[in-house]
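> I am attaching a structure below and will ask some questions about it afterwards.
Read-outs throughout are calculated quantities, based only on the coordinates presented, and are distinct from any laboratory measurement. Because the structure is a prediction, the values reported are computed rather than measured. For neighbour counting, all protein chains shown are included, and Cβ atoms are generated from backbone atoms with ideal geometry for every residue, glycine included.
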Amino acid sequence: MSVTAAELVRELTRRFETAGLEDPKVDARTLVCGLLNIDLTDLVLGRTETVGSDDLAFVCAAAERRCRREPVHRILGRRSFFGLDLVLSADTLEPRPDTETLLRAVVPFAQSRAAEAGGCRVLDLGTGSGAICLGLLSEIGSASGIGTDISEGALQTARDNARRAGLQERFETIAGSWFSDVEGTFDLIVSNPPYIPTDDICGLSPEVRDYDPVIALDGGADGLDAYRAIAAGAAEHLANGGRVAVETGFDQCDAVAAIFEENGFTLTERLRDFGGHDRVVVFCL
Ligand SMILES: C[S@@+](CC[C@H](N)C(=O)[O-])C[C@H]1O[C@@H](n2cnc3c(N)ncnc32)[C@H](O)[C@@H]1O
């Protein structure tokens, strides 16, 4: 049986609908284009060729995985974030588009700092795939950064991503809990820490609950443990005039602002994500 990529997308869309997936068509297109290296525009315009039998078997096996709720980008092993093509591993959170809100919040500050001082030192706490720090370094050529994480596996992936993006000369990693092995001061301290309350994790979608590492999700009983640790340690590592910016859960901005204010910080900005939810708070000392 011969089938074109466009026909294959239609067939996968049907299978994904039957499996009850939320975005069957988007998933089918992303999977087929990603696995067969097809441009989305060519697919949409019907400029696709017949898929060979090996490729067909390959895509069908991937579709089975998606029907078992493995996320599309986990199957592809990579995802695009802030213009970077990031590889993922079992130890890394899959970076979310909403986290680009944090980058939009801090890029202007980092740019002006770099212009004034000839550079900008960034500390990314809980760097995972390196998404936030590498996004900043790719945008600001004179910036340098350290990504920390408690997971050595995540740091390995972050270093791979730095190499793939040609940013390895300006990116270092430190293994440890929050500030435990960090020395010196930084113009910008950023973090998207784990912020899901422990008891809420079992109610997350299978794509998140079963595939993102639990250590990247679990924020303790009220979801705020990491913010307490970061707020307690940030003053010692913030350069004069620097900023701290953290991503939060959609209903956590006020609580996180209160934690930072108790630690001597002043809220300078709060931003919403693409869905209109409160997502990022920025502080100075
Ligand atoms: C929500 S994920 C964010 C990953 C990445 N920054 C991003 O935005 O895609 C949180 C990260 O914090 C790390 N983490 C969890 N507990 C930590 C701790 N005590 N110290 C440092 N990192 C920690 C996890 O391993 C995970 O990589």
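> I'd like the orientation of helix 253-262 relative to the chain: the angle between its Cα long axis and the longest Cα principal axis, in ° from 0 to 90, rounded to 10.
For 253-262 against the chain, the angle is about 30 degrees.
> Sticking with this structure for a sec: Given the alpha-carbon gyration tensor of the range 207-285, what are the semi-axes of its equivalent ellipsoid in whole angstrom, ordered largest first, with each equal to the square root of 5 times an eigenvalue?
Equivalent-ellipsoid dimensions as semi-axes: 23, 16, 11 Å.
> Related question: Only bridges whose two residues both fall in the chain count here: according to DSSP, what percent of them are antiparallel, nearest 5? Intermediate results must be reported in sequence, preceding the final value.
On the way: 15 of 36 bridges.
The answer is about 40 percent antiparallel.
> Please list 190-196, 220-226, 64-70 highest first by mean number of surrounding beta-carbon atoms within 10 Å per residue. Can you show the working numbers first?
On the way: 190-196: 23.1, 220-226: 17.7, 64-70: 15.4.
Peptide ranking by packing, descending: 190-196, 220-226, 64-70.
> So what is the calculated 222 nm ellipticity per residue for the chain, using -39500 (n - 2.57) for each DSSP H run with n of 4 or more, over all residues, to the nearest 500 deg cm²/dmol?
-12500 deg cm²/dmol
> Now for a separate question. Using packing as a proxy for protection, rank 265-271, 98-104 so that the peptide with the highest average count of other Cβ atoms within 10 Å comes first.
Ranked from most to least packed, the peptides come out as 98-104, 265-271.
> Using alpha-carbon pairs under 8 Å, 6+ residues apart, how would you state the relative contact order of the chain in percent?
Computed over the chain, the figure is 14 percent.
> Hey, can you grab everything whose amide H is under 5 Å from the amide H of Thr127? Only 5+ residues off in sequence or another chain; H modelled, so Pro and N-termini drop out.
Placed amide hydrogens put Thr148, Asp149 under 5 Å from Thr127.
> Another question about this same structure. Work out the length of the dipole vector of the chain about its Cα centre, built from +1 on the beta-carbon of each Lys and Arg and -1 on the beta-carbon of each Asp and Glu, and round it to the nearest 20 debye.
In debye, rounded to 20, the chain gives about 680.
> Report the Cα centroid-to-centroid distance between the range 152-213 and the range 1-48 in angstrom, as an integer.
Answer, in whole Å: 32.
> Measure of size requested: the Rg and Dmax of the range 131-240, with Cα atoms as the atom set and Å as the unit; please supply both.
Computed over the Cα atoms of the range 131-240, radius of gyration and Dmax are 15.1, 44 Å.
> Quick one: what does P(r) look like for the range 5-68 with 5 Å bins over all Cα pairs, in whole %?
4, 20, 33, 25, 14, 4, 0
> Percent of Cα-Cα pairs more than 14 Å apart in the range 103-146, please.
Roughly 39 percent, once rounded to a whole number.
> Same structure, new question: Going from the alpha-carbon gyration tensor of the chain, what semi-axes, largest first and in whole Å, does one get by taking the root of 5 times each eigenvalue? Provide the component values of the computation, followed by the final result.
Values: eigenvalues 278, 87, 52 Å².
Over the Cα atoms of the chain, the semi-axes work out to 37, 21, 16 Å.
> Sort 36-44, 241-249, 86-94, 255-263 by packing, meaning the average of other beta carbons within 10 Å per residue, with the highest value first.
241-249, 86-94, 255-263, 36-44
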